[in-house]
Amino acid sequence: MSHEHHEGHEHHKEHHVEIILDGEKVVSPERRRTGQQIRELGNPARVDGFQTEEVDKHGKKIRTIRDDEEIELHKDERFRTVPCHGGPGGRACGDR
């Protein structure tokens with residue numbers, strides 16, 4: 001019985017991955033997503049006008065994931081949404 005459960009769990013794991021977005025656990029239906037697709041897993045009010053950052057367990061920014069950049073997600077990776085900035089050195093939303 002436990003063998004069947006294990007196989008089913010692995011099949012489920014292949015496609016779905018649990019990540020942390022803005023401090024909340026969310027489940028992505030697939031392993032590869034863009035910055036925008038990651039934001040779409042969370043609060044709908046934080047999609048347009050925001051960008052996606054990968055952060056460490058202390059909330060420190062690791063990098064920004066562009067809306068057109070596809071990355072592979074791993075269990076319990078942490079991301080946050082931040083407002084876009086169009087000033088010097090910043091990236092305005094919609095820059096392609």
- Just subtract the alpha-carbon distance of Ala45 and Arg31 from 0.36 nm times their residue separation and send over the number in nm, one decimal. 2.7 nm
- Along the dipole axis of segment 21-68 (charges at Cβ: +1 for Lys and Arg, -1 for Asp and Glu; origin at the Cα centre), the most positive-end residue among Ile65, Gln51, Gln36 is Ile65
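Taken together, the values in this text are just the output of simple stated rules run on the coordinates, not laboratory data. For clarity, every value in this text was computed on a predicted model and none was experimentally measured. Note that each Cβ is placed from the backbone with ideal geometry, even for glycine, and that neighbours are counted across all protein chains shown.
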